[in-house]
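Here's the structure we're looking at; comments come further down.
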Amino acid sequence: MRRYLFFRLFLTVSFCLCGVFVFAQNAADSAFAAQADRTTTKSSLSATRAGSKLNETILHKSVLNYTLPADIAVVAKKCAAGEADECYFSFKTFEHSPDVKTAAAANLELAVLSMQRGLVKQALAYIARASALNPDDPFIQLTQGWMLLSAGKYKKSRQAFAEMMYLTADFEYVSSAKLGTALAWYLGGNKEEAAQELQYLYTSNPYSISFTAYMLGRIAGESKASRKLASVFLQQALSHDEKNYAAAELFARLSEKEKDNLRAWQYYATLYSLDPDNKKLAKKLAKYSKQLGDKSIDYLFYLRLEQPIVHVMESTPSPEVKMALYANREQIPQPLVSVTLVGSGTVAVTDEKLGEVLRVPSYVEKTVVFNAETGGVDFKDAKGHVEFSAKRPFTLSLENPSRTLLVRSVRAENIFAADLSDKELKGALTVIPAKDGFTLVNTVYAEDLIPALLATQAQNVKEPAALKALAVVFRSALLQAVQDHANNAYHITDNDDSFKFKGINLIFKDLLEASKRSGPIRLTEAQAGFYASCGVLTADSLGNSSVRPDYVYSPANVGKYLLSNPPADLYSRPQDPTQWADVKWIYLYDAKEIQKRLAYKQNIGRLRAMIPVRMTPQGRILTMRFEGSKGSYETNSPQETAFILSAGTMRSNLFDIVPFYKGKNIKSVLVRGYDTGLGNGLCLRGADGLAKEGADYMDIIKYYFPNARILNTTTGTVN
């Protein structure tokens, strides 16, 4: 057996930052050179620069206060309810309040709302007034620096950040001010000064390490003298955050410049799979497909298997789930043109009208091929001889239900339409011919499917109690999907947001045990969802640490919360202290790319404002309006917003935006965010953290689903 793992989404060479990185400026180089000094540590990430040592206490201490004056707190509730105009004009009534704190707070909120609306001059006037009213507030001063940066006033921005440093030495503020200063230098054209600031952040701030590595790579790539360092920094950026779309896009372009055709092909293919309507990317791929020839598909992000790996897996009779295979990101199963099948046991081939037409011995390879001339499919042996043809659906089922079926060498007309990796299956496989190919539907017991779903979604979850809790979530969601889609051709797809299926070839004993031991437990009266990692507060305001912050929503408080350090006892804290991207992240997106994706829906011209329209009470963005020189477009879901901003790679809907303007138009967009997903349901990393503290799987379920009813099907009891 040989297993090939080809290029996966943003997979790069891993460079572990396990301790201290010290950068030395190379006087002989017109840009900079990186010199790494690695010191391994199990419990902390520390860095030394100019005699200042950063430690766990500094990295996890927060001094931020979310308290609002009473009048401002009342208005903030209108903002959370989506009453945008009412929110704005209600704040206006307090901008000249005789109470100085109320007036300062109102002007701060008005500045944030004005910037969101693209009213840059108005925003600067409000934030200047807030600063004059409350000159000792470091957050107001910090916000003024970022707004000046957004407006393209780079020198004044740096001055504002420098002034803020006289108000506080707190890590949260200092790191944000230094990041803003670095960007002000860079956008203003002084890349060496920008690199100096970024190097400091790279060695001292684990929360922004992927972004600073990307920016260092970007600076290196723009200088002939140091271009060779660009790929190192970009690999660092992606190894610390695989969702860093800008780093992957830049890596593709640099690979092309360096005439590394294979790497350019892989990165452009990854980007195209995320944004398949992008004509520019399509041209790039056409060029490299021609150069690489027929084997170009073998260099993509596909898993290849020669023989079944699991061979035997005892089945657990339970409700059957119909799962469509090889679906695209819109959950539509893609038409296939050929597929090879290998069973670890005898396979019966049954036509829906003719009955059983063939029996295939174990480990004998067969191929299903779409026949464009007849519009049907041909079932062929290893030598290419047709043994059976059909225009009706037919099913392959294993004589021994404990055996498995390998689906391999899948081909589609569009090789980027879906992840065409090989998959080992349990249950039966139905081939459904269509006019432009055929689709595959796997009918499998729910309990046989759960371990494979765990294998895909819980790669970083190790605690048995956390795995059992997730198994309960999967079971509940699967059974609900079967009920909700009972009359459909299939219940779920292998690319569903909740059910990523890569094959039972990925399962291990601990996953089987988790599924088996949690078997009787189901959630009722709750939407059984999950997400990878959680910040301090979930969308349901559950605390993911022993101490809850005093966070209350306001437009400005969102930015303050995103600035905050995660507490040391955060349940979803990563073991590797440089892998914080699931919890805190920063991305930079090109406005031209955003405009292209908007044009799929509506051409709004040059981007000028991005306005959150509907939000949750905590400030998570549900819909957003993009305004341009020719019109506007409003998204209808967090997923659509994420696609337009980042081709769907953005981690969650809890974020704020710093647009960088050139005149009236936005040139690029900085997005600062917290946690993953929509913040609802079971937090995987949080569950793992709770389990490490001694919680069993029922405790974890009750923690993340406090209002759910928990059914034990063995005893019939409900908790």
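The values are calculated or read from the model by the stated rules, or taken from the named source; none is laboratory data. Since this is a predicted model, take the numbers as computed values, not measurements. With ideal geometry, Cβ positions are generated from the backbone for all residues, glycine too; neighbour counts draw on all protein chains shown. Protein only, heavy atoms only, side chains kept; ligands, DNA and RNA dropped before computing areas. Shrake-Rupley method; radii C 1.70, N 1.55, O 1.52, S 1.80 Å.
Above 28 Å lies some portion of the pair distances; for region 585-719, what is it as a whole percent of all C-alpha pairs?
Beyond 28 Å sits 35 percent of the P(r) for region 585-719.
Calculate the length of the line joining the C-alpha centroid of region 546-602 to that of region 633-678, in whole Å.
What the calculation gives is 11 Å, centre to centre.
For K596, K366, K290, K667, write out the residues from largest to smallest accessible area, computed with a 1.4 angstrom probe and no ligands counted.
Accessible-area ranking of K596, K366, K290, K667, largest first: K290, K667, K596, K366.
What are the ³J(HN,Hα) values, in whole Hz, obtained from phi via the Karplus relation 6.51 cos²θ - 1.76 cosθ + 1.60 with θ = phi - 60°, for each residue of region 475-491 in sequence order, with x given for Gly and Pro?
Along region 475-491, the couplings run 4, 5, 5, 4, 5, 5, 5, 4, 5, 5, 10, 4, 9, 8, 5, 8, 8 Hz.
Measuring from centroid to centroid over Cα atoms, what is the spacing of region 471-504 and region 185-253 in Å?
40 Å
Nearest-5 percent of antiparallel DSSP beta bridges in the chain?
The antiparallel proportion sits near 95 percent.
Using only Cα atoms, tell me the angle between helix 138-150 and the longest principal axis of the chain; keep it within 0 to 90° and round to the nearest 10.
Tilt of helix 138-150: around 70 degrees.
If you line up the long axis of helix 154-164 against the longest principal axis of the chain, both from Cα atoms, how many degrees apart are they, to the nearest 10?
80 degrees
Over the Cα atoms of region 171-223, each weighted equally, I'd like the Debye log10 I(q)/I(0) at q = 0.12 Å⁻¹, rounded to two decimals.
Log10 of I(q)/I(0), two decimals: -0.21.
Would you please give the residues with an amide H less than 5 Å from that of F655, counting only those at least 5 places away or on a separate chain, with H modeled from the backbone geometry?
Long-range HN contacts for F655: I621.
Helix 100-116 versus the longest principal axis of the chain: what is the Cα-based angle in degrees, 0 to 90, to the nearest 10?
The two axes meet at around 50 degrees.
Consider the candidate values [x] 107, 94, 53; [y] 81, 71, 48; [z] 85, 64, 54; state which one is Cα extents along the principal axes in Å computed from the structure displayed.
Working out Cα extents along the principal axes in Å from the coordinates points to [z].
For region 287-434, take the alpha-carbon Rg, divide it by the Kirkwood Rh, and send me Rg/Rh.
Expressed as Rg/Rh, it is 0.96.
Quick check on packing: order 405-415, 600-610, 231-241 by the mean number of other C-beta atoms within 10 Å, highest mean leading.
Answer by packing, highest mean first, reads 231-241, 405-415, 600-610.
Rank these residues by their accessible area, most exposed first, probe 1.4 Å: K101, K224, K78.
The ranking, largest first, comes out as K224, K101, K78.
Which of the aspartates and glutamates could be linked to K702 by a straight reach, that is with a Cα gap under 18 Å, when you skip same-chain ones fewer than 8 residues away?
E463, E525, D540, D688, E693
Given the peptides 420-426, 121-127, arrange them by the average over their residues of other C-beta atoms within 10 Å, most packed first.
Packing proxy ranking, top to bottom: 420-426, 121-127.
I need the peptides 277-283, 488-494, 530-536 ranked by packing, meaning the mean over residues of other C-beta atoms within 10 angstrom, with the highest value on top.
The most tightly packed comes first, giving 530-536, 488-494, 277-283.
Leaving ligands, DNA and RNA out of it, rank T717, T367, T212 by accessible area with a 1.4 Å probe, largest first.
So the residues, ranked largest to smallest area, are T717, T367, T212.
Under the rule of at least 5 residues apart or a separate chain, name every residue whose amide H is placed under 5 Å from the amide H of I666.
Those lying under 5 Å, H to H, from I666 are L607, R608.
Find out how many positive minus negative residues lie around D496, taking Lys and Arg as positive, Asp and Glu as negative, among other residues whose Cβ is under 14 Å from that of D496.
Here the count lands on -1.
Pairs to check: K502/K560; K155/K601; K155/K664; K243/K596; K280/K630; K366/K500. Give those whose C-alpha atoms are more than 29 Å from each other in this structure.
Table pairs above 29 Å Cα-Cα are K502/K560; K155/K601.
Tell me which residues come under 5 Å, amide H to amide H, from A327 once H is placed; ignore anything under 5 positions away on its chain.
Hits under the 5 Å cutoff: Q334, D494, N495.
If the only charges are +1 at each Lys and Arg Cβ and -1 at each Asp and Glu Cβ, what is the size of the charge dipole of the chain around the Cα centre, to the nearest 20 debye?
Value, rounded to 20: 1900 debye.
Might you work out the accessible area of Y173 for me, using a 1.4 Å probe with all protein chains in place, and round it to the nearest 10 Å²?
20 Å²
In whole Hz and in residue order, list the ³J(HN,Hα) couplings for region 315-323 that follow from phi through the Karplus curve 6.51 cos²θ - 1.76 cosθ + 1.60, θ = phi - 60°; x for Gly and Pro.
So the J values, rounded to whole Hz, are 7, 10, x, 6, x, 7, 10, 9, 10.
State to the nearest 20 debye the size of the charge dipole of region 594-651 about its Cα centre, where the only charges are +1 on K and R beta carbons and -1 on D and E beta carbons.
140 debye
Mind putting a number on the dipole of region 75-183 about its Cα centre? Charges go on the C-beta only, +1 for Lys and Arg and -1 for Asp and Glu, and I need it in Debye to the nearest 20.
460 debye
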